[in-house]
Amino acid sequence: MRPQDILMPVAAGLHCKPGGFHIDPVRPVERAVITHGHSDHARAGHGAVLATQETLDMMRLRYGENFARSTQAMAYGQQLRLGEVTVKFHPAGHVLGSAQVAVSCEGTCIVASGDYKDAPDPTCAPFEVVPCDVFITEATFGLPVFRHGDAADEIKKLLASVALFPERAHLVGAYSLGKAQRVIALLRAAGYDAPIYLHGAMEKITRYYESRGVALGDLRPVKGMKKADLAGTITLAPPSATSDIWTRRFPDPVTAFASGWMRVRARARQRGVELPLVISDHADWDGLTATIDATGAGEIWVTHGQEDALVHWCTAKGLTARPLDLVGYGDEDEGDAVPAGEDVEA
C-alpha cells in the first residue's frame, strides 16, 4: 500500500481512510487521534477521541467534561487496531502527554510526530526515535538560523537579571501548557528555591502537572499580593498578560518571554520584551535534521512551519520529501490568552 493511501492531507487535517480517523483535525470529525493538548492540535467537538491520559485531561481542563462524545486513553508503547491499520503511541518530548503516532498498514509504517523536541525536559517523557518508512515532521523552526542552545544558559540570564535588579519584579511570558512548567523546573534545577508566582490562568494546568508527579517547588498565586512584596520575585504569566493592564500591579516589571522565536531580536522588540529567553519546546534546525536522519525514513513529509528549507535539505540528502501544506497549526498560544473579563488581579 502506498503511504498516501494510508494518510492523506484533507481540509480537516491528516486523514487515515483505512483506519477511519483523523490525526489532530482542525474541525470536528467522527474519530480523532490527538497528539498533544495544545489548542492548535487538540480541539473540542469530535465524536471519539484517542489520546494519552494526560492529553485527555488537558482537554477536559480547557474545554470541560463534554469536549467529545467519547474518549479512550492510550499509553506509550500500547498498540491498537483501528480498521485496517495498527496505531502505536511514542513519546514526543514536547509537553506532558505528547505523543508521536505510528500508523502501520501492510508493512508500511508512517510516524506523525505532532510537535516534538529532542532537548532534555524533566517535565515530560523524553523524545523517542521511531524507525519508520515515512516520517511526518513539524518545521516550526525549520531554518538553519534557529539553533536554540542550552535552555539552562537562558535561565542563568534570568537569574542574573533578578540579582541585578532586586527592586524590580520579573514577569516571564510563557505558554501555560508545557513552557511554564519547564521554565519552573529549569529554575529549580538552577538552584532557585524561592516562591514562584503564577498568573491565575496558569494555575490549573500547573497544578495538574504536580498531580502527575512533576515536582515544581513552592508555587503561589500572584492574586492578593501587595505590590511592594513582589520586588525581586519571578512571576509566570501567559504572553498576552505581560503587555496589558495586569502588569501595573508589579514594581517596575522586567518583561521576559520564553520562546524559540526570541532568537529573532526583531520579534522581541515588537513585543516589547526586555529580556528575551530562547527556550523552545520545539526541535531546532539541528534537532529536526538529526531526527530525520535517525528515523531512517526514506520519505519525509514536512508540515506547519518553514517547510521549504527542510524539504530542500531532505532532497539534497537523497530523500523523497514534500510539504503537506496543512492549515491551522502553529498557534499553540491561542488557548493561553487571558479569558475576556478575567480579573486583572488574577
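The values are calculated or read from the model by the stated rules, or taken from the named source; none is laboratory data. Values in this document were obtained by computation on a predicted structure and should not be read as measured data. When we count neighbours, we look across all protein chains shown, and the Cβ atoms used for this are built from the backbone with ideal geometry, even at glycine. Just so you know, the surface numbers come from the protein's heavy atoms only, side chains and all, with ligands and any DNA or RNA stripped out. Shrake-Rupley method; radii C 1.70, N 1.55, O 1.52, S 1.80 Å.
For the range 290-298, state whether one or more residues are open to solvent by less than 40 Å² (accessible area, probe 1.4 Å), of a type in the set (Val, Ile, Thr) and closer than 30 Å to Ala228 by Cα.
Taking every residue of the range 290-298 in turn, none turns out to be open to solvent by less than 40 Å² (accessible area, probe 1.4 Å), of a type in the set (Val, Ile, Thr) and closer than 30 Å to Ala228 by Cα.
Here is a check on your reading of the model: is Ala11 at pLDDT 95 or above and of a type in the set (A, V, I, L, M)?
Considered against the rule, which asks whether it is at pLDDT 95 or above and of a type in the set (A, V, I, L, M), Ala11 comes out as no.
Restricting attention to the range 280-287, does a residue exist that is under 23 Å from Gly178 (Cβ atoms), open to solvent by 40 Å² or more (accessible area, probe 1.4 Å) and either assigned to a helix (DSSP H, G or I) or at pLDDT 95 or above (or both)?
Scanning the range 280-287, I find at least one residue that is under 23 Å from Gly178 (Cβ atoms), open to solvent by 40 Å² or more (accessible area, probe 1.4 Å) and either assigned to a helix (DSSP H, G or I) or at pLDDT 95 or above (or both), so the answer is yes.
Quick one: in the range 11-42, which of the residues that are over 16 Å from the mean Cα position of the chain (by Cα) and charged (D, E, K, R) is most open to solvent (accessible area, probe 1.4 Å)?
Ranking the candidates gives Lys17 first.
Quick check on this structure: which one of Leu230, Leu177, Leu219 is in contact with a helix residue (DSSP H, G or I) (Cβ under 7 Å, 6 or more places away or on another chain), over 25 Å from Trp261 (Cα atoms), touching a residue at least 24 places away in the same chain (Cβ under 8 Å) and of a type in the set (A, V, I, L, M)?
Leu219
Just one of Val101, Val130, Val85 is in contact (Cβ under 8 Å) with a residue 40 or more places away in the chain and under 19 Å from the mean Cα position of the chain (by Cα); which is it?
Selected residue: Val101, the only one of Val101, Val130, Val85 that is in contact (Cβ under 8 Å) with a residue 40 or more places away in the chain and under 19 Å from the mean Cα position of the chain (by Cα).
Applying the selection to the range 1-42, what residues are in a loop (DSSP other than H, G, I, E, B) and touching a Pro at 6+ places or on another chain (Cβ under 7 Å)?
Ala12
Looking at the range 209-260, which of its residues are open to solvent by less than 10 Å² (accessible area, probe 1.4 Å), assigned to a loop (DSSP other than H, G, I, E, B) and within 19 Å of Ser161 (Cβ to Cβ)?
Val222, Phe250, Ser259, listed by residue number.
Looking at (1) of a type in the set (Phe, Trp, Tyr); (2) open to solvent by less than 10 Å² (accessible area, probe 1.4 Å); (3) within 30 Å of Asp193 (Cα to Cα), find the lone condition where Phe127 falls short.
So Phe127 meets the others, but not (2).
To keep it simple, each residue is scored yes or no on (1) surrounded by 14 or more Cβ atoms within 10 Å (Cβ to Cβ); (2) more than 22 Å from His38 (Cα to Cα); (3) of a type in the set (A, V, I, L, M, F, W, C).
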position	(1), (2), (3)
Leu143	yes, yes, yes
His148	yes, no, no
Asp153	no, yes, no
Ala160	no, yes, yes
Pro166	no, yes, no
Val172	yes, no, yes
Gln181	yes, no, no
Ile184	yes, no, yes
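Can you name every one of the strands (runs of 3 or more DSSP E) wholly within the range 43-112 that holds 2 or more residues which are open to solvent by 20 Å² or more (accessible area, probe 1.4 Å)?
The qualifying strands (runs of 3 or more DSSP E) are 68-73, 79-82, 85-91, 108-112.
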